[in-house]
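Presented below is the structure to which this report refers.
The values are calculated or read from the model by the stated rules, or taken from the named source; none is laboratory data. Note that this is a predicted model, so its numbers are computed, not measured. All Cβ positions, glycine included, derive from the backbone under ideal geometry; neighbour counts span all protein chains shown.
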Amino acid sequence: MFREFLSWGSSLVPEPIAPLEESGTRVRYGLTIALVLVATAIPIGWLQMIATTTPQGPPLEISRAPSDLEMSPIRFRAFELTDHEDWSPRVTNVNIVDLDENGEPELLVCDAVRNTIFQYQRLPDGSWKETALVPENTISVPARTEVVDLDGDNDPDILVAVFRSLTPTSDPIGQVVLLQNNGDNEFTPRVLIDQIRRVSDARSGDFDGDGDLDLVVAEYGHEFGRIFWMENRGDLTFVDRELMRAAGTVSVSAEDFDGDGDPDVAAFIPSEQEEVWIFENTGEAPFQPVQRKIWGTANFDFGGSEMLSVDLDEDGDLDLLLAAGEDSEYPVPTQQSSHGVYWLENLGDFEFELHSVGSLPGCSSIAVADIDNDNDLDIIAGSRFNNWHVDGTTSLVWFENDGEATFQTWKIADSPARLATVACGDLTGNGQKEIIAGSLFNNEPIIRPGRVTVWTQEGEEQE
Amino acid sequence: MRVVNAVLLAVIGIELVAGFRSYRNVQQQPVAPTANTEGLPGFTRNMIMSSEVAMNPKFAEQWSGLGMVYQAFGFYDESVACFTRAQEISPEDPSIAYELGFALILAGKTDESSREFERAMELGHPYASQCWYFLGRNALRMDDPETAKGFFLKATSLPAARFELAKIAWRAGESAQAEHMLKEIINEFPNATEPQRLLAEVFDEQGEQHLASMLYLSSDRRFVALTSPRQEIFESIQQLRNVGNVKFVQTRATELLDAGKVSDAQEILKYEAGSEFHPVIWDARSDVERALGNIEEQIALLQEIIERDGLDSYRAARLGFALIGNEQKDEVQKVMTVGAALESNDEREVVADLYQQLANLASEQGNEDKALANWSEAQFHYGRKIYQTEDPSKAIDLFIQSAEANPETADPLFYLGQLFYELGELTDAQTAYEECLKIDPNFGRAIDGLALVKAIRNSGGEDATQPESAED
């Protein structure tokens, strides 16, 4: 076959022109040289063409995690609480409270753009009145609030955990501030402690049993941080006493987990550690708690983001709910299979069992309420770090409790994005629960924006 | 000769056919995915889009390059698709398998990621220990420390893998083993923070409170990461991100302004960033306006940033200094006072500069008490910056000056105590803590610091404050 091809090829070569043998040889050499040149030029030409040509095939297929969440059978209508037009809204916390103690709930919103705490009161016509409880730019990046009568003068004050910077830093710029109520719902900020690292949470409880309220503080920091309690020495002076060195503690809780009548401290420490600790109050003064690790995982990428204490199975003891989805390991957050909501069931004697409630990529915030009014506690969860550049990725879900503490996940919304905080309660007094969420856009993309969004129920979807 | 010519003709024929097939093949190749860059700054969007176009990927390394760009900006699924395509073209390339393995971690696909790291080793990846390290981290992600341990044991040439082994031992209750491993790592990398912190935890549990406190304090000032393969990858990701960051445009504009090329700076901001609002670009534009002598415009741009995106110490400083240029001293004082109190930026020098300027203004107004208080704050913040970033002993004078200028402030005395402790000067440390507590008897960390110093001195351990003492 090859020989045939060669002879066919040679037949294509024109015979040299006689008569001079020398000139014939020259022609043959010239031809060979030309063929060599052509044979060299062709691959170069092809390479050039290949290099400059644009592929015209189908777009490269991208494999994405399936989003198979079903839409909630309860329909919700969403609206923005205010018409602020911040370029990158940064709401760090929403909290349903009754500050004026009139039986009607209000909202406290921590705003890291305006650097203040806003109060929102619902007016009879259904609109919302906004009041900055302290002048703007007084409290730099407030992280969380707790309403408590800390000074013991029979009116509610507001305890504020102050983060001060959304840029990761271990600098001691954090504070715990009390907005002290003058009795007329006018507030004066008092710094209870500063020169500490960024503070993500602060809660009150009488840990030493001396009749006044002490504090427990999550000093989040960045590479370094602590959990400490602050012994109340009267006249709003406190001494800070370390409980544990741990960076990145997202939540602390001051509740009675063992039912012995005094408050213990629970702390959720993510940041490579991914553990939940309880500091058991033995009832002795001074407060010298017994440290107990009640849960931990070797999965450093678990992504712990929030913890709530609640009696989810209503068996008379306090359980813990964990949100996982906050991933500070990478320059741009990722979505890991561990992201979602978990229930740490209290089995007694500081034994806790972990159950998965449901998954939600980038889950950052949780709240508990009986959404469907069937006399059990459902869970609402918001995502801050979902894959926002993909259309339809979920930002808000609720997990329906079937009464046996097993849950069905329902999607509520995909917009606004970056829900760093959620709360749920009956704001309108109509017997149905509203969901309130705040968006935190501390980095780009600024996509599907919102600030404080309220979802009201519109009833069951008709079959 | 005829035979040669015939062979050449055959070669040409083959070249034509093969070339055409290759050309067709390239034409039919899949096109690069286009990421949805909505919500990103215009400059970043342009950078990503120009990468898609410029790379026009056809060959494996081009697909890998685009995969890296997508990875850097958080388009993890797109990144995986690109690396997978690269692997289809060059299935025997171990570095592509390795890169795909890492991309799959970011996409949350741990199992698939592990398979790629295994494949990278099968193909002869030159740094097998790095593959073992990532396999170990993936096993931890699956909450499987035993399997992880097996992988890390094959990567013990990497300090990060040995540190993971120490962590696993510590969590498994093998504190003596963890202690031994950590001490070895600390001997080799005395500045790395993480092993010191973990060793402090070990000491804490063993009831060695003094040793634990010493390690906590000595490692508390500044974080130094232990080198690890993941850190190396993050650094390359960060380099790509920096190129696509709007701050890159700002830096370019600043360089041009510094070189006196104002119109070039103006041009680059207009060309690269367009008219879309972005605080960083507006900030850079304000510098251009200042250079052009348009102070009113400069102030208007800085005010717009604050109006649309809030105030922090840096922005207060920028606006305050612009207002000084416009002789609006009352406004300067107001803005700077608020900005300094926010202390919102981790650039401590900005806060220090604000206090320094407030001290100057108070002094000009003849209010010496206020001037001194602000000057004290300025020295304190300058001291804090040096304390954290440079030779801590250089901060001593600043803290002393701060404390002397404002005898009512306990903070500089507390840091003096910390600093003297770190330098092993326990007598001075004790004095500083005691002075601090005279001003604020409830300063818990000063109480703890004083108790620690006293305990060490009582045990005769004047020189026992250095981290190396952990070896004892």
*Taking the stretch A:247-284 as the region of interest, how many residues are in contact with a Gly (Cβ under 6 Å, 6 or more places away or on another chain), under 24 Å from B:Ile447 (Cβ atoms) and small (Gly, Ala, Ser)?*
2
*Residue check, B:Gly260 against (1) modelled with pLDDT of 85 or more; (2) within 13 Å of chain A (Cβ to nearest Cβ); (3) assigned to a loop (DSSP other than H, G, I, E, B), all met but one. Which one?*
(2)
*Conditions (1) of a type in the set (Gly, Ala, Ser); (2) under 26 Å from B:Val202 (Cα atoms); (3) within 14 Å of chain B (Cβ to nearest Cβ): number failed by A:Gly234*: (2)
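Every residue, every condition in (1) free of Cβ contacts under 8 Å to residues at least 24 places away in the same chain; (2) surrounded by 15 or more Cβ atoms within 10 Å (Cβ to Cβ); (3) within 7 Å of chain A (Cβ to nearest Cβ), yes or no:
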site: B:Leu8; (1), (2), (3): yes, yes, yes
site: B:Gly13; (1), (2), (3): yes, no, no
site: B:Ser22; (1), (2), (3): yes, yes, yes
site: B:Asn25; (1), (2), (3): yes, no, no
site: B:Gln28; (1), (2), (3): yes, no, yes
_crowded, with 21+ Cβ neighbours inside 10 Å, in contact (Cβ under 8 Å) with a residue 24 or more places away in the chain and farther than 29 Å from B:Leu158 by Cα: is that true of B:Ile295 in this structure?_
no
*Selection status of B:Val69, in a helix (DSSP H, G or I), touching a residue at least 12 places away in the same chain (Cβ under 8 Å), buried (at least 19 other Cβ atoms within 10 Å of the Cβ) and at the interface with chain A (Cβ under 9 Å from one of its Cβ atoms)*: no
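Quick check: is even one residue across the stretch B:428-439 of a type outside the set (Ser, Thr, Tyr), buried (at least 23 other Cβ atoms within 10 Å of the Cβ), in contact (Cβ under 8 Å) with a residue 24 or more places away in the chain and under 16 Å from B:Leu217 (Cα atoms)?
yes
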*Can you pull out the residues in the stretch B:83-109 that are within 25 Å of the chain's Cα centre (by Cα), among the small types (Gly, Ala, Ser) and more than 8 Å from chain A (Cβ to nearest Cβ)?*
B:Gly101, B:Ala103
_Quick check on A:Arg64: is it modelled with pLDDT under 85, facing chain B (nearest Cβ under 9 Å) and closer than 30 Å to A:Asn401 by Cβ?_
yes
*Given the residues A:Gly45, A:Gly103, A:Gly57, which is the only one that is at positive phi and surrounded by fewer than 19 Cβ atoms within 10 Å (Cβ to Cβ)?*
A:Gly103
*Mind checking which residues of the stretch A:290-331 are free of Cβ contacts under 8 Å to residues at least 60 places away in the same chain and hydrophobic (A, V, I, L, M, F, W, C)?*
A:Val290, A:Ile294, A:Trp295, A:Ala298, A:Phe300, A:Phe302, A:Met307, A:Leu321, A:Leu322, A:Ala323, A:Ala324
*Given the structure, is B:Phe420 buried (at least 16 other Cβ atoms within 10 Å of the Cβ) and in the same structural domain as B:Gly339 (by TED's automatic domain parsing)?*
no
*Filter the stretch B:110-161 for residues that are within 26 Å of the chain's Cα centre (by Cα) and over 28 Å from B:Glu184 (Cα atoms); which is surrounded by the most Cβ atoms within 10 Å (Cβ to Cβ)?*
B:Ser113
*Please indicate, with yes or no, whether at least one residue in the stretch A:278-292 is within 26 Å of A:Gly362 (Cα to Cα) and crowded, with 22+ Cβ neighbours inside 10 Å.*
yes
*Are any of the residues in the stretch A:28-42 closer than 30 Å to A:Arg384 by Cβ, within 14 Å of chain B (Cβ to nearest Cβ) and modelled with pLDDT under 95?*
no
*Taking strands (runs of 3 or more DSSP E) that do not extend beyond the stretch A:173-245, which have at least 3 residues that are at pLDDT 95 or above and among the aliphatic types (A, V, I, L, M)?*
A:174-181, A:187-196, A:214-219
_I need a count of the residues in the stretch A:398-421 that are of a type in the set (Val, Ile, Thr) and buried (at least 24 other Cβ atoms within 10 Å of the Cβ)._
1
*Any residue at all in the stretch A:152-167 that is of a type in the set (Ser, Thr, Tyr) and out of contact with any Leu (no Cβ under 6 Å at 6 or more places or on another chain)?*
yes
*Take the residues in the stretch A:165-180 that are touching a residue at least 40 places away in the same chain (Cβ under 8 Å) and under 30 Å from A:Asn154 (Cβ atoms), then tell me which one is nearest to the other protein chains (Cβ to nearest Cβ).*
A:Gly174
*Could you grab the pairs with beta carbons closer than 8 Å, sequence gap of 6+ or different chains, first residue in the stretch B:392-418 and within 11 Å of chain A (Cβ to nearest Cβ) and more than 12 Å from B:Ala432 (Cβ to Cβ), second one among the small types (Gly, Ala, Ser) and buried (at least 20 other Cβ atoms within 10 Å of the Cβ)?*
B:Thr409/B:Ser376; B:Thr409/B:Ser402; B:Thr409/B:Ala403
*Take the residues of the stretch B:72-82 that are closer than 21 Å to B:Leu123 by Cβ and within 26 Å of the chain's Cα centre (by Cα): which is nearest to the other protein chains (Cβ to nearest Cβ)?*
B:Val80
*Contacts under 8 angstrom Cβ, first residue in the stretch B:312-341 being within 20 Å of B:Ala371 (Cβ to Cβ) and away from chain A (no Cβ under 13 Å), partner assigned to a helix (DSSP H, G or I) and among the small types (Gly, Ala, Ser), 6 or more apart*: B:Ala317/B:Gly339; B:Gly320/B:Gly339; B:Val332/B:Gly320
*In the stretch A:75-120, which residues are at pLDDT 95 or above, more than 22 Å from the chain's Cα centre (by Cα) and of a type in the set (S, T, N, Q)?*
A:Gln119
_So in the stretch A:109-139, with the set limited to residues that are touching a helix residue (DSSP H, G or I) at 6+ places or on another chain (Cβ under 7 Å) and either under 19 Å from A:Ser439 (Cβ atoms) or surrounded by fewer than 16 Cβ atoms within 10 Å (Cβ to Cβ) (or both), which one is nearest to the other protein chains (Cβ to nearest Cβ)?_
A:Val113
*Please list, ordered by first then second residue, the pairs with beta carbon atoms under 7 Å, 6 or more apart or interchain, first in the stretch A:333-359 and over 15 Å from A:Leu320 (Cα atoms), second surrounded by 22 or more Cβ atoms within 10 Å (Cβ to Cβ) and of a type in the set (D, E, K, R).*
A:Pro333/A:Asp327; A:Thr334/A:Asp327; A:Gln336/A:Asp301; A:Gln336/A:Asp327; A:Ser338/A:Asp301
